[in-house]
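This report refers to the structure that appears directly beneath it.
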Amino acid sequence: MDPTQTAVRAVHDVGPDAVAIDLESPTEFDAQPGQFVKLTFDLADKLEFEALERLAAEGELDVETADELERGDEVLVSRFYTISSPDVGDTFEITVGIDPEGTLAPVLADLSAGDVVTVSGPFGNDYYEGEDPAVILAGGPGVGPAIGIAERALAEDNRAAVVYRDDVPIHQDRLSDLRDEGATVTLLAAGEDLPPVVADVLDDYGADSQLFVYGFADFIDDATSAIDAAGGDSEGAKIENFG
Ligand SMILES: Cc1cc2nc3c(=O)[nH]c(=O)nc-3n(C[C@H](O)[C@H](O)[C@H](O)COP(=O)(O)OP(=O)(O)OC[C@H]3O[C@@H](n4cnc5c(N)ncnc54)[C@H](O)[C@@H]3O)c2cc1C
């Protein structure tokens, strides 16, 4: 789907510095948990000059320095967000981890019902396709697709396990519901070792379980090492690197 305007239906706090945003599904939009969308905003009136300079220097703008911007110019900034609802109906959900120093995430945190955003997608090939069991390793905001996939797996009478590492865990209610419904959910603090936990989960669910890995690059590295150490199939894992 090309860039399309759609409305925000609701914004929920799901922990410190994290929101889940329900967006109205544009006509004929469909996606699976684990796929991601691109959100694009005009930040011309929202960013300080220093932030514009940084974006220009990083090649994110059409100009090479912020000085070249003229009054009325758009400053279009895009970021990707992964679907965290188990399916797409009238609405779908994304989960956003907010670094207050970040460029776009704080703008997303300020959204409320009725605001309009520009969305395109879905993108990505590493999503849930009915596998049983689904073993999902998530770091930071990677917990969004983790819960979406686990909820979808249980809804299809499949088994699911989530290993989630974060400094402050978010989406605690949904994780607790998943546990109540029979999923294995293991929370790890930042810096805690993944290998023993991944080994335990693969012992319980089988080394040939379909693995899913979502998070920023450092987490992806740790997770693939842990999978290899546990005798799992990191080559066959479905992995989305958040950057
Ligand atoms: C395929 C894909 C899917 C994504 N899905 C999600 C998602 O579902 N939810 C979500 O919150 N984000 C997701 N992201 C990341 C998101 O697109 C943005 O990069 C993020 O929101 C930060 O944007 P920003 O403009 O606020 O920060 P920027 O101004 O771009 O600044 C970078 C900020 O990104 C974060 N960051 C960058 N690298 C790391 C890292 N290695 N470890 C921890 N934090 C880091 C930090 O907050 C950092 O301050 C995804 C990225 C990709 C490529």
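The values are calculated or read from the model by the stated rules, or taken from the named source; none is laboratory data. All figures in this text were calculated on a predicted structure; none of them were measured in a lab. For neighbour counting, all protein chains shown are included, and Cβ atoms are generated from backbone atoms with ideal geometry for every residue, glycine included. Areas reflect the complete protein model, heavy atoms only, side chains present, ligands, DNA and RNA absent. Shrake-Rupley method; radii C 1.70, N 1.55, O 1.52, S 1.80 Å.
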Requested in this report: Can you tell me the 0 to 90 degree angle between the C-alpha axis of helix 217-229 and the longest principal axis of the chain, rounded to 10?
Outcome: 10
Query - In degrees, nearest ten, helix 195-205 long axis to first principal axis of the chain (Cα) - result: 60
Report summary line: Taking 0.36 nm per residue of separation between ALA7 and ALA113 and subtracting their Cα-Cα distance, the length gained on full extension comes to 37.4 nm
Query raised in the report: For the chain, what class follows from the C-alpha gyration tensor (a ≥ b ≥ c being the square roots of its eigenvalues): rounded when a/c is under 1.5, otherwise prolate if a/b is larger than b/c, else oblate?
Result: prolate
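I'd like the carbon and sulfur percentage of the solvent accessible area for the stretch 4-123, probe radius 1.4 Å, heavy atoms only, ligands and nucleic acids excluded.
Working: 2570 of 6180 Å².
Ligands and nucleic acids excluded, carbon and sulfur give 42 percent.
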Query raised in the report: Points 7 angstrom from Cα along the Cβ direction at ASP218 and ASP45: gap in nanometres?
Result: 3.7
Query raised in the report: Counting only protein heavy atoms, what percent of the accessible surface of the stretch 134-241 is carbon or sulfur at a 1.4 Å probe?
Result: 42
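Arranged from highest to lowest average of other beta-carbon atoms within 10 Å per residue, in what order do the peptides 147-153, 194-200 appear?
Descending mean neighbour count gives 147-153, 194-200.
What is the dipole size for the stretch 4-123, taken about its Cα centre, with +1 at each Lys and Arg Cβ and -1 at each Asp and Glu Cβ, in debye to the nearest 20? Can you show the working numbers first?
On the way: 6 positive and 27 negative charges, 96 e Å.
The calculated dipole for the stretch 4-123 is roughly 460 debye.
In debye, nearest 20: dipole of the chain around its Cα centre with unit charges on the Cβ of K, R (+) and D, E (-)? Walk me through the numbers before you get to the answer.
Working: 12 positive and 54 negative charges, 97 e Å.
Dipole size: approximately 460 debye.
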Report summary line: In debye to the nearest 20, the charge dipole size for the stretch 134-241, taken about the Cα centre with +1 at each Lys and Arg Cβ and -1 at each Asp and Glu Cβ, equals 220
